[in-house]
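**Student:** The structure that follows is given in the form of structure tokens.
The values are calculated or read from the model by the stated rules, or taken from the named source; none is laboratory data. Just so you know, these numbers come straight off a predicted model, no measurement behind them. Neighbour counts are summed over all protein chains in view; Cβ atoms, including those assigned to glycine, are modelled from backbone coordinates with ideal geometry. We work out accessible area using only protein heavy atoms, side chains counted, and drop any ligands, DNA or RNA first. Shrake-Rupley method; radii C 1.70, N 1.55, O 1.52, S 1.80 Å.
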Amino acid sequence: MTITYRFMLAMAALACSVAIGSALLGGYTSSHLSEQALSTRANQQLLSLQASKANEMKHYFYFIEQQLLSKASLVHTQTALQAFTQAFAAVPPATMQQKKAVERFYQQDFSQQYLAVNPGATPDLQGKLSQLSPSAMSLQAKYLAENPYPLGDKDKLLPEQVETLYDQVHALYHPGFNQFLHAFGYYDLFLVDPAGNLVYSVYKELDFATNLFNGSYQTTGLGQAAARAMRAGNQQTVFEDFAPYFPSYQAPASFIATPIYHNNTLLGALVFQMPVDGINDVLTFSQQWQHAGLGETGQVVLIGPDGTMRSNDRQFLQQPEHFFQQLQLNHKTDIAQRVQQTGTTIGVLPISGKAVTLALAGQDGIVTEHHYQHGTSLRAYRAIDVFGQHWALIAEISQQEALQDLPVLKHAYAKRSAIFLLLVVLLAVALGWVFAKSLVKPLRLAIEQIDQMCQQRALDVILPAQGNDELAQLARALNTMFGLFATTLADFDQTATDLQQQAKQITSGINSTHESVAEQTDKTNQVVSAASQMTASINAVAESARLASAETEQAQQLGAEAKAISHALKQDMSVIQHEIAHACRPVKCCNSEVIPSTRYWMSLNPFQNK
């Protein structure tokens, strides 16, 4: 694999590693930051809605209080209370027929409705009947038992026959109070005289015409509100929180009351039975939760000091079957039955948790905790003042729904990261190609010049060495090396030439020595021949032997010298042969010529053979 492709792969691998590492780190950071951002957005939205609803509820309760005080200060109301008080005192006792009609109404009409809402209950209707005064029995007979309108619509009665003073007063003031009640959505409106007699109510339930100080309802919210109002100062209000109320079939009811004064004289008390629908409309956004940004699970609820709801639960209003199923799964069957019976979660459904505890303690904030319907939920809590009481205002939403955009953000980030990774890899490959080309180009040029140098057997090629990078340094190093090679080869060539000259001189010396050896050989042969010829005569032979011996010794001395010279030459030739073997080829050629000459000389040397 070429350097170009290796460099491209390395760049691609490096880019992939960096991009993948960055994507993973960025993905984790993005996921964490996105989750934090979504949680922060949900928290801020809950806090914003909570603050908005807290302000609305504050103004709502303030409006009710001011409306109560304004109504109580009207001359019309004061005159009406005085007129009803006088008329109530003048009501004739109930006849036996009226008493039976009232008993029948209690035992049949009211009892059937009460047991339908509270199955299995045993209401003490007889005890309540026994505490009715003759005036109360008479008024309940006419406005309840003999009233042709069904339960819940008794306010529609306007007697055609005006038989008593009370009928006259009722005909005069009831239309105005009834219109006021429906216009502002109150559940009921009551006028109570200083003695505790409930001299007027719009809807005419079982509490109508009873005494709230010593009758059956003195311990109820209405009785307590009336009693406290009588002890309050002018333009002061008292409030009784939601609690089951018997005349309303044990449905939760709350009351706000104020005394009515005229010229510092206590005339009695005006009492409103608090509207439930008004609170629900404010907190349920008129059941438009999604338009308010609360999605499928969000809601804003009020919780009273007893830990039960003061508004209806969203699931109860939207999906009652699922709501009751969740209550049963959470072992709240009795509560589910009670909610079904009363048709409301107000004062019935308990809500617990850290958020509720802290809010009822007067604190505010936001927590994440378990919700029996939606699992883990975000809860923004705060305390609101309701006529001197701490109620908890909770804005909540399922955490899963609050973070439902997180998977979408993760998918979008993963998609963008993949595209970014692909672009980075392509860019890395392109840059790697460009850089590799720029890096390899000088190398390729150097390779071509070195190949050319090898083909031409020339070391005079100079590689380009511009710049200060590693490739330029390599080129300069190669140029230096090639110069050293050229100098070394020139030295070798000169050495080979010198050795050749020396070899020629040695060859000439060898030839001269060979001639001398041949001459001495001829002389020796002549001496031997002369010695053979002189054998005829002893003297001649002796003389000749002496001469021959002298010549022989001289010849032997010359032969020994020749042998020493030959041996020295052989050693010199071995050294020369070793040097020539490491020289260039021209030197080897010279060596190949010298060695045969030497060997030839050695073959002719008879002393060497000896």
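**Student:** Condition first: out of contact with any strand residue (DSSP E or B) (no Cβ under 8 Å at 6 or more places or on another chain), open to solvent by less than 20 Å² (accessible area, probe 1.4 Å), within 29 Å of VAL348 (Cβ to Cβ) and part of a helix (DSSP H, G or I). Can you find one or more residues in segment 146-167 that meet it?
**Tutor:** Scanning segment 146-167 turns up at least one residue that is out of contact with any strand residue (DSSP E or B) (no Cβ under 8 Å at 6 or more places or on another chain), open to solvent by less than 20 Å² (accessible area, probe 1.4 Å), within 29 Å of VAL348 (Cβ to Cβ) and part of a helix (DSSP H, G or I).
**Student:** Would you tally the residues in segment 174-233 being within 19 Å of THR79 (Cα to Cα), over 57 Å from the mean Cα position of the chain (by Cα) and in contact (Cβ under 8 Å) with a residue 60 or more places away in the chain?
**Tutor:** Count: 11.
**Student:** Could you check, for segment 532-553, whether at least one of its residues is at pLDDT 75 or above, surrounded by 14 or more Cβ atoms within 10 Å (Cβ to Cβ) and among the hydroxyl-bearing types (Ser, Thr, Tyr)?
**Tutor:** no
**Student:** Hey, does segment 110-123 have a residue that's surrounded by 11 or more Cβ atoms within 10 Å (Cβ to Cβ), among the hydrophobic types (A, V, I, L, M, F, W, C), assigned to a loop (DSSP other than H, G, I, E, B) and out of contact with any His (no Cβ under 8 Å at 6 or more places or on another chain)?
**Tutor:** yes
**Student:** From the set of residues in segment 338-361 that are closer than 19 Å to ALA253 by Cα, assigned to a helix (DSSP H, G or I) and not hydroxyl-bearing (Ser, Thr, Tyr), which is farthest from the chain's Cα centre (by Cα)?
**Tutor:** Restricting to residues being closer than 19 Å to ALA253 by Cα, assigned to a helix (DSSP H, G or I) and not hydroxyl-bearing (Ser, Thr, Tyr), the top hit is GLN341.
**Student:** Does any residue of segment 315-329 turn out to be in contact (Cβ under 8 Å) with a residue 40 or more places away in the chain, assigned to a loop (DSSP other than H, G, I, E, B) and more than 26 Å from TYR60 (Cβ to Cβ)?
**Tutor:** Checking segment 315-329: not a single residue is in contact (Cβ under 8 Å) with a residue 40 or more places away in the chain, assigned to a loop (DSSP other than H, G, I, E, B) and more than 26 Å from TYR60 (Cβ to Cβ).
**Student:** Hey, another quick one. Of the residues in segment 487-519, how many are open to solvent by 40 Å² or more (accessible area, probe 1.4 Å) and over 30 Å from GLN554 (Cβ atoms)?
**Tutor:** 15
**Student:** Answer with yes or no whether THR258 is of a type in the set (S, T, N, Q), farther than 19 Å from TYR106 by Cα and touching a residue at least 40 places away in the same chain (Cβ under 8 Å).
**Tutor:** It is true that THR258 is of a type in the set (S, T, N, Q), farther than 19 Å from TYR106 by Cα and touching a residue at least 40 places away in the same chain (Cβ under 8 Å).
**Student:** Being at pLDDT 75 or above and not in a helix (DSSP H, G or I) narrows it down to one of LEU393, LEU431, LEU427, so name that one.
**Tutor:** LEU393
**Student:** A follow-up question, please. Have a look at THR85, THR79 and point out the one that is surrounded by fewer than 18 Cβ atoms within 10 Å (Cβ to Cβ), of a type in the set (Ser, Thr, Tyr) and in a helix (DSSP H, G or I).
**Tutor:** Selected residue: THR79, the only one of THR85, THR79 that is surrounded by fewer than 18 Cβ atoms within 10 Å (Cβ to Cβ), of a type in the set (Ser, Thr, Tyr) and in a helix (DSSP H, G or I).
**Student:** Select, from ARG416, ARG379, the only residue that is of a type in the set (D, E, K, R) and in contact with a His (Cβ under 9 Å, 6 or more places away or on another chain).
**Tutor:** Among ARG416, ARG379, only ARG379 is of a type in the set (D, E, K, R) and in contact with a His (Cβ under 9 Å, 6 or more places away or on another chain).
**Student:** Please verify whether THR284 is within 33 Å of the chain's Cα centre (by Cα), polar (S, T, N, Q) and within 29 Å of ALA402 (Cβ to Cβ), treating the condition exactly as stated.
**Tutor:** Yes: the conditions hold for THR284.
**Student:** In this structure, does SER70 turn out to be free of Cβ contacts under 8 Å to residues at least 40 places away in the same chain and more than 26 Å from PHE184 (Cβ to Cβ)?
**Tutor:** no
**Student:** I'd like to check something: does segment 126-135 contain any residue that is outside any helix (DSSP H, G or I), open to solvent by 70 Å² or more (accessible area, probe 1.4 Å) and either touching a residue at least 12 places away in the same chain (Cβ under 8 Å) or over 30 Å from ASP385 (Cβ atoms) (or both)?
**Tutor:** yes
**Student:** Output the number of residues of segment 354-371 satisfying the condition of being free of Cβ contacts under 8 Å to residues at least 24 places away in the same chain and more than 16 Å from HIS390 (Cα to Cα).
**Tutor:** 3
**Student:** Okay, next question. Search segment 20-45 for residues that are within 16 Å of ILE397 (Cβ to Cβ) and pair each with any residue that is modelled with pLDDT under 75 when their beta-carbon atoms are under 7 Å apart and the residues are at least 6 apart or on different chains.
**Tutor:** Short answer, once both residue conditions are applied: GLU35/LEU406; LEU38/ASP405; LEU38/LEU406.
**Student:** Give segment 221-270 a look and list any residue that's of a type in the set (A, V, I, L, M), surrounded by 22 or more Cβ atoms within 10 Å (Cβ to Cβ) and outside any strand (DSSP E or B), or say none.
**Tutor:** LEU222, ALA225, ALA226, ALA229
**Student:** Please enumerate the residues belonging to segment 205-220 that are open to solvent by less than 20 Å² (accessible area, probe 1.4 Å) and at pLDDT 95 or above.
**Tutor:** If the condition is that a residue be open to solvent by less than 20 Å² (accessible area, probe 1.4 Å) and at pLDDT 95 or above, then LEU206, ASP207, PHE208, ALA209, THR210, LEU212, TYR217 are the ones that fit.
**Student:** Sticking with this one: Which one of these does ASP385 not meet: (1) touching a Leu at 6+ places or on another chain (Cβ under 7 Å); (2) assigned to a strand (DSSP E or B); (3) under 16 Å from LYS53 (Cβ atoms)?
**Tutor:** (1)
**Student:** Report yes if SER17 is open to solvent by 40 Å² or more (accessible area, probe 1.4 Å), at pLDDT 75 or above and closer than 23 Å to LEU422 by Cα, otherwise no.
**Tutor:** Yes, satisfied.
**Student:** Another question, if that's okay. Give me a count of the residues in segment 351-370 that are buried (at least 19 other Cβ atoms within 10 Å of the Cβ) and out of contact with any helix residue (DSSP H, G or I) (no Cβ under 7 Å at 6 or more places or on another chain).
**Tutor:** Residues flagged as buried (at least 19 other Cβ atoms within 10 Å of the Cβ) and out of contact with any helix residue (DSSP H, G or I) (no Cβ under 7 Å at 6 or more places or on another chain) within segment 351-370 amount to 6.
**Student:** Being open to solvent by 20 Å² or more (accessible area, probe 1.4 Å) and of a type in the set (A, V, I, L, M) is the filter here, so list the residues in segment 38-59 that pass it.
**Tutor:** Answer for segment 38-59, where residues must be open to solvent by 20 Å² or more (accessible area, probe 1.4 Å) and of a type in the set (A, V, I, L, M): LEU47, LEU49, ALA51.
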